[in-house]
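All remarks here apply to the structure that follows.
Values in this text are rule-based calculations from the coordinates and carry no lab data. Keep in mind that this is a model prediction, so the values were computed, not measured. Positions of Cβ are generated from backbone atoms using ideal geometry, with glycine treated the same way; all protein chains shown enter the neighbour counts.
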Amino acid sequence: MRTTLIGRLLAALVACAAGPALGETVLRLSEPAGPGGPEAAALAVFRDEVAARSAGRLRIEVRLQDELGGLAAPVDGLAAGPIDLYTGPLATFRHLAPAELAPLSLPWLLQDEAQLRRFLAGPVFQRAERRLREHGIRLVSTAFTGLHAPVRVIVATRRLTAADDLSGLRVRVAADDLAQRSWRAVGAAPMALPWSETYLALRRRAAEAAELPLGELRAARFAAVAPFVATAGLAPRLWPMVIGERRWAALPAADRAVLVAAADAAGRIYSRVAEDAARHELAAMTSRATSGPVRLDTTVLRRRLDPLWHDLVTRGALAPEMMEIMAAQAP
């Protein structure tokens, strides 16, 4: 009997150790990217910053590759509770604010970091924030420290020297209607494929090209199957952090402040790591070719895309204020 009692006590102690400590709040964060990238590095900083700033009151559980969300949409996970925080692209939530978040899915619409910041600070994105809030999703911080504008790279199975070489090119794109329409407008033949299937599609020549930001080439390992590289302007992007509105409302003001400060610190790490990776890849590309990578003329591409953008505005699929933001940007 004594042995049984001791066993029960030990089991109880193990159960207590496995769960959150008394007074500790655990927040579960989901990120679609895998280990080894700027997202993972930034989230390690976020986790440690939250623990330090809250004196152990808050604990962040980081799950990469959407481990928490599974096949469910992040908006459902944030509403139902499996996910407390999410750091995937805002385009994930485009169905909640279609016209306002459309710019994040249209390549070459936003040309650089300054233009992206102008968009984020303007009325279009403010409307998007309100609509996200109506669906129970809140941006943790609007300082937008996790922002950078890497070079847009196109890797291909055949040489690209000019914009006309995109004609008929079977380029892998995400399952995003705006991205597909954009590539079609510049003359390419977009193929909707999961990123995980891109390498095999290039190797089998089912796809002829893929687009990705500079800084992710080495991790993608496309050199063996798509050895030709061209650049096509910049691909400004934001790495945001959102939280479920109900979870946010339940936190005291001090804990909210901790999350905001830690999110800003994580964003700075993300930008720095991503920019360092891009810089190293550019140096490696330049060292292999005396003239550097081929540059496609984005003026030509934007001219081909202009009718699509105006059509989207006419149909209400793109906020009309975006045309003013674009007009303020020098070509």
Give the residues of the stretch 86-108 whose amide nitrogen is closer than 12 Å to a point set 7 Å from the Cα of residue 79 in the direction of its Cβ.
96
What is the local net charge at residue 182, summed over the other residues whose Cβ is closer than 11 Å to its Cβ (Lys, Arg +1; Asp, Glu -1)?
+1
Calculate I(q)/I(0) for the chain by the Debye formula, one identical point scatterer on each C-alpha and no solvent, and give its log10 at q = 0.06, 0.10, 0.14, 0.15 Å⁻¹ to two decimals.
-0.25, -0.64, -1.17, -1.31
Per the helix-only model, the chain has a calculated mean residue ellipticity at 222 nm (DSSP H runs of ≥4, -39500 (n - 2.57) each, divided over all residues, rounded to the nearest 500) of -14000 deg cm²/dmol
Once amide hydrogens are built 1.01 Å from N within the peptide plane, the residues lying 5 or more places from residue 297 or on another chain with amide H under 5 Å from its amide H are 163
Amide H of residue 208: which non-local residues (sequence gap of 5 or more, or other chain) have their own amide H closer than 5 Å, using H built in the peptide plane?
170, 171, 172
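Around residue 88, what is the net charge, scoring Lys/Arg as +1 and Asp/Glu as -1 over all other residues with Cβ under 11 Å from its Cβ?
Summing Lys/Arg as +1 and Asp/Glu as -1 gives -3.
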Mind giving me the FRET efficiency for residue 223 and residue 314? R0 is 56 Å, r the Cβ-Cβ distance, nearest 0.05 is fine.
0.85
Lys and Arg at +1, Asp and Glu at -1: add these up for the other residues within a Cβ distance under 11 Å of residue 238 and post the number.
+1
Helix 2-18 versus the longest principal axis of the chain: what angle, 0 to 90°, nearest 10, using Cα atoms?
30 degrees
HN-Hα couplings for the stretch 267-282 via Karplus (6.51, -1.76, 1.60; θ = phi - 60°), in whole Hz with x for Gly/Pro, come out as x, 5, 5, 4, 4, 5, 5, 5, 5, 5, 4, 5, 5, 5, 5, 5
Within the stretch 187-203, which residues have the backbone N less than 15 Å from the label spot 7 Å out from residue 158 along Cα→beta-carbon, could you tell me?
187-190
Alpha carbon centre of the stretch 40-67 versus the stretch 247-275: separation in Å?
9 Å
Label-point separation (nm) for residue 286 and residue 142, each offset 7 Å from Cα along Cα-to-Cβ?
3.8 nm
Distance from the stretch 291-317 to the stretch 80-97 (C-alpha centre basis), Å:
28 Å
With θ taken as phi - 60° and the coefficients 6.51, -1.76 and 1.60, list the Karplus ³J(HN,Hα) couplings across the stretch 128-142 in order, rounded to whole Hz; mark glycine and proline as x.
4, 4, 4, 5, 5, 4, 4, 9, x, 10, 10, 6, 5, 9, 10
Positive dipole terminus of the stretch 23-84, leading residue within 35, 56, 75 (C-beta point charges)
56
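State whether the stretch 213-319 is rounded, prolate or oblate according to the following rule on the C-alpha gyration tensor (a ≥ b ≥ c being the square roots of its eigenvalues): a/c under 1.5 gives rounded; otherwise a/b larger than b/c gives prolate, and the remaining case gives oblate.
Judged from the Cα gyration tensor, the stretch 213-319 comes out oblate (a/c at least 1.5, b/c at or above a/b).
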Where labels lie 7 Å past Cα in the beta-carbon direction, separation of residue 24 and residue 167 in nm
6.3 nm
Want the number for residue 204 to residue 130: 0.36 nm per residue separation, take away the alpha-carbon distance, what's left?
22.1 nm
